[in-house]
Ligand SMILES: Cc1ncc(COP(=O)(O)O)c(C=O)c1O
């Protein structure tokens, strides 16, 4: 009888159970070589020749991400932005792409700039509406639909299966920025997506000490070969030591994300009753517009990210941020320490983010301490 497949949490904790053949060590060495020996007959039978394309320190973390996402292959990149850019760079010139109005702001700006200078033709749409997405894709012309769910920093939810159906009917690929969900909570490939992207800087690494990105593909097809070539060609590669740290972080991915989800739910519920809070944006709340879809496509929780709108506008939000002590006033997300940020201040002009919004990245501290600090800061 075939053994029962192992749970993803087990695969992550043991980093697929790989051991070093030579020493039996349960942690693999960090490979730092930038070049590899050619065989005497002029071949490269061991499969690697130069460190920009081939890095043995990537094998295990890439294999683990592939396993957790249920994909065919993964690639590590120097950052989440580099991973996303590799997808767009792999499209034919002047491709039509559709992206969300609310998404990670630096990527939105980058896509808009590529569109303005003629490399792409981008349309930005409210991805919570399947009808709007359907009306925006152009069959035969749209090459890529890019979605982010839950989307930063309003945590709105996009129906991945619905978006996949619309993208594929138009002849386009569907790529999902799944950074906020992590593979613990959502497996976009199983819902029909073609590519999953992570800012591995966030939950995958989880300790605010590595900038990294990843892509996972459903199929090793011709488009994926272009992405592989884009990483090597643009040279946006991760350092070997960072790949090691990322793998170490991923070993605790499941308990970190599970705890963050649990605490985020408690914080969201508590803050909905706070008189100084105008709104709590969190897909775990039944009252949230995205809750029904999130409950269908997310498993085990609704994420460690939420936002609040503070009564009294921008000044009140910034003053609240100034009063937190335990929460760290900082950008980024997905680390073990809780972070709080006045989001409009970092997104700048043209941002769709309300000025009274504070973004909260819930870490793994005791939730009672986090709530107490927020309640004092809100006054
Ligand atoms: C949702 C999301 N996608 C992509 C990125 C970009 O990732 P990186 O900072 O690793 O380049 C970020 C960074 O904050 C993000 O939050």
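Structure notes:
- For the range 112-128, taking the residues that are within 16 Å of the ligand (Cβ to nearest atom) and surrounded by fewer than 23 Cβ atoms within 10 Å (Cβ to Cβ), the one that is farthest from residue 55 (Cα to Cα) is identified as 124.
- When each of 153, 92 is tested for being in contact with a strand residue (DSSP E or B) (Cβ under 9 Å, 6 or more places away or on another chain) and within 16 Å of the ligand (Cβ to nearest atom), the lone residue that passes is 153.
- Residue within the range 164-172 that is buried (at least 24 other Cβ atoms within 10 Å of the Cβ) and within 30 Å of residue 341 (Cβ to Cβ) present: no
- Single unsatisfied condition, residue 340 versus (1) assigned to a strand (DSSP E or B); (2) free of Cβ contacts under 8 Å to residues at least 40 places away in the same chain; (3) under 15 Å from residue 259 (Cα atoms): (3)
- Selection count where residues are away from the ligand (no atom under 16 Å from the Cβ) and within 17 Å of residue 297 (Cα to Cα), scope the range 129-150: 2
- Residue check: residue 204 meets all listed conditions (1) outside any helix (DSSP H, G or I); (2) away from the ligand (no atom under 15 Å from the Cβ); (3) touching a residue at least 60 places away in the same chain (Cβ under 8 Å); (4) under 21 Å from residue 75 (Cβ atoms) but one, namely (2).
Residues are listed down the side, and each one gets a yes or a no for (1) in contact with a helix residue (DSSP H, G or I) (Cβ under 8 Å, 6 or more places away or on another chain); (2) more than 13 Å from the ligand (Cβ to nearest atom); (3) in a helix (DSSP H, G or I):
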| position | (1), (2), (3) |
| --- | --- |
| 161 | yes, yes, yes |
| 164 | yes, yes, yes |
| 184 | yes, yes, yes |
| 197 | yes, no, no |
| 223 | no, yes, yes |
| 232 | no, yes, yes |
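- Whichever residue in the range 357-379 is in a loop (DSSP other than H, G, I, E, B) and surrounded by fewer than 22 Cβ atoms within 10 Å (Cβ to Cβ) and, among such residues, is farthest from the ligand (Cβ to nearest atom): 379
- Output for the range 166-182, where each listed residue is assigned to a loop (DSSP other than H, G, I, E, B) and either more than 14 Å from the ligand (Cβ to nearest atom) or over 16 Å from the mean Cα position of the chain (by Cα) (or both): 170, 171, 172
Bear in mind these aren't lab numbers, they're just calculated from the coordinates by the rules spelled out. Source: prediction; values computed, not measured. Neighbour counts are summed over all protein chains in view; Cβ atoms, including those assigned to glycine, are modelled from backbone coordinates with ideal geometry.
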